[in-house]
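The values are calculated or read from the model by the stated rules, or taken from the named source; none is laboratory data. Being a predicted model, the structure only gives us computed values, none of them experimental. So basically every Cβ, Gly included, is an ideal-geometry build from the backbone, and we count neighbours across all protein chains shown. SASA here: full protein model, heavy atoms, side chains in, ligands and nucleic acids out. Shrake-Rupley method; radii C 1.70, N 1.55, O 1.52, S 1.80 Å.
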Amino acid sequence: MFRWIGKLWRWYARPSIQIGQGVLLSIGLVAGIIFWGGLNTGMEATNSLAFCVSCHEMRDTVYVEYKESSHYRNASGVRAICSDCHVPHEWGPKVVRKIQASGELWGKLTGVIDTPEKFEAKRLELATHVWETMKANDSRECRNCHSFEAMDFEHQSSRARDKMEPVATGEYLGDGSTCIDCHKGIAHKLPHVPRDD
């Protein structure tokens, strides 16, 4: 046992050129932990409501709409914030989403949506992108909070119960429907869709 520890120590302290390999490994581990912690802290900070509404483009448009929605104020007192609906909870998909969000920051920096008028002009495009993403991932972010198993159908309106109960029991499984198919505009106003004349 002590021979093994001695060999490990000699390897750890053996100079690579001027610094022991073990010291270099230790420095690398500490640097990796600091990098990982900083990355995670940064990702969590950018998931906060304060960050999301820190730019006037969001604060003056979709945030105002969100504050009027049941995701902001409801009888149960549970509040969903921007990241609950727009950022996956799992690490890998979250990193992908954060990389995609850098394109949105570029839009802010270049002034693509820096006025309410410009935002409204792009609203349909922005909403369509979100809807397509939610459709593709089977409304994953909705399902992070909502589950059929937790729904009390007896306390839903008859209209909601008539729509949700068959989905919960599997009657509509396989038709490709997902939450966003019926719940567009749940937290933000629907964009104007031009008519084909």
Counted residues, segment 27-55 - those being of a type outside the set (A, V, I, L, M, F, W, C) and either farther than 18 Å from residue 81 by Cα or outside any loop (DSSP other than H, G, I, E, B) (or both) | 8
The helices (runs of 4 or more DSSP H) lying entirely within segment 84-197 that contain at least 3 residues which are open to solvent by less than 50 Å² (accessible area, probe 1.4 Å) are 91-109, 116-136, 158-168
In the list 13, 75, 45, which residue meets the criterion of being within 26 Å of residue 95 (Cα to Cα) and either within 24 Å of the chain's Cα centre (by Cα) or of a type in the set (A, V, I, L, M) (or both)?
-> 45
Of (1) in a helix (DSSP H, G or I); (2) more than 30 Å from residue 36 (Cα to Cα), residue 76 fails just (1)
What is the one condition in (1) in contact (Cβ under 8 Å) with a residue 24 or more places away in the chain; (2) in contact with a Ser or Thr (Cβ under 7 Å, 6 or more places away or on another chain); (3) assigned to a helix (DSSP H, G or I) that residue 24 does not satisfy?
-> (1)
List every residue pair whose Cβ atoms sit under 6 Å apart, with the two residues 6 or more apart in sequence or on different chains, where the first one lies in segment 41-66 and is on the phi < 0 side of the Ramachandran plot and the second, anywhere, is among the hydroxyl-bearing types (Ser, Thr, Tyr).
-> 47/83; 53/63; 66/72
Just one of the numbered conditions (1) in a helix (DSSP H, G or I); (2) of a type in the set (Ser, Thr, Tyr); (3) at pLDDT 90 or above is not true of residue 70; which one?
-> (1)
Conditions (1) without any contact (Cβ under 8 Å) to a residue 60 or more places away in the chain; (2) surrounded by 11 or more Cβ atoms within 10 Å (Cβ to Cβ); number of the one not met by residue 77 | (2)
For segment 99-111, pairs from a residue that is farther than 17 Å from residue 42 by Cα to a residue that is assigned to a loop (DSSP other than H, G, I, E, B), with Cβ under 8 Å and 6 or more apart or across chains, are 107/113; 108/55; 108/114
